[in-house]
Amino acid sequence: MIEYLKEYGISNFDYLYLQKNLNPEDIQRLMLAESNVRENLLYFNKLGLKENLHKLILYRLDLVIMPLDQLKYLLSKIDKELFVQLVNTNIKNLILLF
Amino acid sequence: MDEGKELLFKLIDFKRKSVSFKDQESIMLDGINMVDIADMLEKDMDNLCDVPDSMIDKVIEEGNIDDNNFKKNIIQLRDLLYGKRNYNLFVKLNKEYRDAFDIFKSTLLEIINKKLPGAKSVVEIDKNLNLLQQGLENHKLIKNFDFIESVCHEYDENKYDTNMLKIYRYINDHNLKILNPPDIEFEDFDVEIVDETEFSDKIYEILNKFEMDYRTLPNFLLKDLKEMDNNLIYSTFEVIKQNKAEDGGVLHLIPKENQVLRVVLLLYSSPQAVKAVVESLTTEEDGLDIDSLRILLNYNMGVFIDRINDYFKPRNKDYLNIMDGLKEIKVNYKVLIKRNPLFLSQNYDMFKYIVEYCHEFGCDPKELVNRCHKTLTINPTVIVNNISILLSHKVNMFTYFKDGKDDFNLLKVEKLDSIINQLIDKKVIKKYSFTNFDKINSIILNSVFKKARKKG
């Protein structure tokens, strides 16, 4: 149901990991909001986020399921490079920035 | 043998030869590794209930602890924690017990370091090597990537990249085979194949209105379209197909290409649920807020679902309760829906509990929602945990919430306890008497961001 995630840089291994670790309600959310999630993932890809995109889905689903214009607006206020680095290295404390 | 696998075995041999494990016996007691116990205690005080008498005696003897009450306190504490774990006893610990625990933990670490300096790292390496070997030999998942990377670096720095590439290729295949075993072949058995999906006339009428090719729908939706009570489905259809959103006609707010979403609304929302959501977004002054309605439909369909089903969690009641709560505390819910639509479909009981719990310490619920809405959505329990941690450090929560300069970041951060302990150890803040939340916040922010930049 959420296999489309693989189109945005999520490896088979990370996809299986997501399936096992996401709660079922979040999987449903990702399925129902597919078209919006696709837009946001593409945007994250453009920012340079690919390998650790699964972390964002697992720990910060709120950023993956939100209107793209809002996401862009909120990201415009912060250092995007730092955002990407925090996702890669310390996703759980990303909340302090964003 | 696969090149990557061979390399992993070579790394194991290399590391085993470079570290001496023989002294490990000096930190064993009755077959228990003292480092394991120290780690367990570091993670959670409750693990003290697994510590045997012999270990307590050893710590007292070798740590030269003279205090006569110490043994009594630590054994009583262990037994209380045993009751907490096994009989759900409510345990409130006084200062004496906490102090005894701190002394026990630090003395144990001192003994370990005296017997075998660097023991923690030796034990850690041993564990990692065993884990890797078991993974390779017993067909188990290999997950200790950081360890493998560091050994590979030591093994041959010049060929690090090519070696890691071979290793990762192998691990990827190895783990995928375990996670995704080949399909089991079943013996032949009679299967009834349904050639064509047939619906009632009412359902065909709806499908025509949707202008959809139902064959593209997932099977579970087709099954419910066929088997659910047609009258129920039709009752929802009659409401959502209307032209005016104010009357519940919300179908046109979902793009035509998003057929799954449309069918989910049709099947699992009742007319009452749809109208209740519309009403919740309507005010006398401004009428219906179409933007918010569109966002909820397309990003958080759960808030419309109230029919019990096998696939989607009904969140309509939670949503209506949360909206009532937000209106009561005068939160600007329109902005909240835009910025964080998932906020509206969290568990209402949990939300209510946290807001009331914080309010007990003088926290303004509106401030809490405005500053912590993301934490409340993704990991609400961290707020309660962090308040407990701050209380254990004797922080006056009334002052903390009144101060509010740190944007309540101390409530959102992970591993707050270890951060505070580190700051106390480094004498940046004083034990049991810190009120400089703003300073702590800036130290935490600096450290988090600095680490990120360094690693990045």
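For region B:249-269, the criterion of being over 34 Å from the mean Cα position of the chain (by Cα), within 25 Å of A:Glu25 (Cα to Cα), in a helix (DSSP H, G or I) and more than 14 Å from chain A (Cβ to nearest Cβ) is satisfied by at least one residue.
Screening region A:83-98 for residues that are assigned to a helix (DSSP H, G or I) and polar (S, T, N, Q) and picking the one that is farthest from B:Ile443 (Cα to Cα) gives A:Asn88.
Identify, please: which residue in region B:398-441 is of a type in the set (S, T, N, Q) and part of a loop (DSSP other than H, G, I, E, B) and is, among those, nearest to A:Leu96 (Cα to Cα)?
If we filter region B:398-441 for residues that are of a type in the set (S, T, N, Q), which is where we start, we get B:399, B:409, B:418, B:421-422, B:433, B:435-436, B:441.
Filter again for part of a loop (DSSP other than H, G, I, E, B), leaving B:433, B:435-436.
Details: B:Ser433: 24, B:Thr435: 20, B:Asn436: 18 Å.
Once the filter is applied, the top-ranked residue is B:Asn436.
Filter region B:294-322 down to residues that are touching a residue at least 40 places away in the same chain (Cβ under 8 Å) and surrounded by fewer than 21 Cβ atoms within 10 Å (Cβ to Cβ) and give me whichever is farthest from the other protein chains (Cβ to nearest Cβ). Among those that are touching a residue at least 40 places away in the same chain (Cβ under 8 Å) and surrounded by fewer than 21 Cβ atoms within 10 Å (Cβ to Cβ), it is B:Leu320.
In region B:60-76, the residues that are surrounded by fewer than 16 Cβ atoms within 10 Å (Cβ to Cβ) reach residues that are among the aromatic types (Phe, Trp, Tyr) with C-beta atoms within less than 8 angstrom, at least six apart or across chains, in these pairs: B:Gln76/B:Tyr97. If only one of B:Lys352, B:Lys317 is among the basic types (Lys, Arg), under 25 Å from the mean Cα position of the chain (by Cα) and either modelled with pLDDT under 95 or closer than 19 Å to B:His252 by Cβ (or both), which one is it? Unique residue meeting the criteria: B:Lys352.
All of (1) assigned to a helix (DSSP H, G or I); (2) surrounded by 15 or more Cβ atoms within 10 Å (Cβ to Cβ) hold for B:Met350 with one exception: (2).
Every residue in region A:52-82 that is within 12 Å of another protein chain (Cβ to nearest Cβ), under 12 Å from the mean Cα position of the chain (by Cα) and within 25 Å of B:Leu445 (Cα to Cα), please. Selection gives A:Asn52, A:Leu56, A:Ile57, A:Leu58, A:Tyr59, A:Arg60, A:Leu61, A:Asp62, A:Leu63, A:Val64, A:Leu71.
Evaluate region B:83-92: report whether one residue or more is of a type in the set (A, V, I, L, M) and in contact (Cβ under 8 Å) with a residue 24 or more places away in the chain. Steps first, answer last, please.
Pass one, region B:83-92, residues of a type in the set (A, V, I, L, M): B:89, B:91.
Okay, now just the ones that are also in contact (Cβ under 8 Å) with a residue 24 or more places away in the chain, so none.
No: zero hits.
Residues to consider are B:Ile254, B:Ile233; find the one that is aliphatic (A, V, I, L, M), within 26 Å of A:Leu71 (Cβ to Cβ) and crowded, with 16+ Cβ neighbours inside 10 Å. Reasoning before the result, please.
Values: B:Ile233 fails: within 26 Å of A:Leu71 (Cβ to Cβ).
After applying the criteria, what remains is B:Ile254.
Looking across region A:10-36, the residues that are more than 8 Å from every other protein chain (Cβ to nearest Cβ) and either touching a residue at least 24 places away in the same chain (Cβ under 8 Å) or of a type in the set (A, V, I, L, M) (or both) come down to A:Ile10, A:Asp14, A:Tyr15, A:Tyr17, A:Leu18, A:Asn21, A:Leu22, A:Asp26, A:Ile27, A:Leu30. Among the residues of region B:131-150, those that are of a type in the set (S, T, N, Q) and outside any helix (DSSP H, G or I) comprise B:Asn138, B:Asn144.
For (1) under 21 Å from B:Ile429 (Cβ atoms); (2) under 25 Å from the mean Cα position of the chain (by Cα); (3) within 11 Å of chain A (Cβ to nearest Cβ), each residue gets a yes or a no:
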residue: B:Ser345; (1), (2), (3): no, yes, yes
residue: B:Tyr348; (1), (2), (3): no, yes, no
residue: B:Glu356; (1), (2), (3): no, yes, no
residue: B:Phe361; (1), (2), (3): yes, no, no
residue: B:His373; (1), (2), (3): no, yes, yes
residue: B:Thr381; (1), (2), (3): no, yes, no
residue: B:Asn386; (1), (2), (3): yes, yes, no
residue: B:Lys402; (1), (2), (3): yes, no, no
residue: B:Asn409; (1), (2), (3): yes, yes, yes
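The criterion of being within 14 Å of chain A (Cβ to nearest Cβ), more than 30 Å from B:Gly63 (Cβ to Cβ) and not in a helix (DSSP H, G or I) does not hold for B:Leu176. Can you tell me which residue within region B:246-259, out of those that are under 24 Å from B:Met228 (Cβ atoms) and touching a Leu at 6+ places or on another chain (Cβ under 7 Å), is modelled with the lowest pLDDT? The qualifying residue modelled with the lowest pLDDT is B:Gln259.
The values are calculated or read from the model by the stated rules, or taken from the named source; none is laboratory data. Keep in mind that this is a model prediction, so the values were computed, not measured. When we count neighbours, we look across all protein chains shown, and the Cβ atoms used for this are built from the backbone with ideal geometry, even at glycine.
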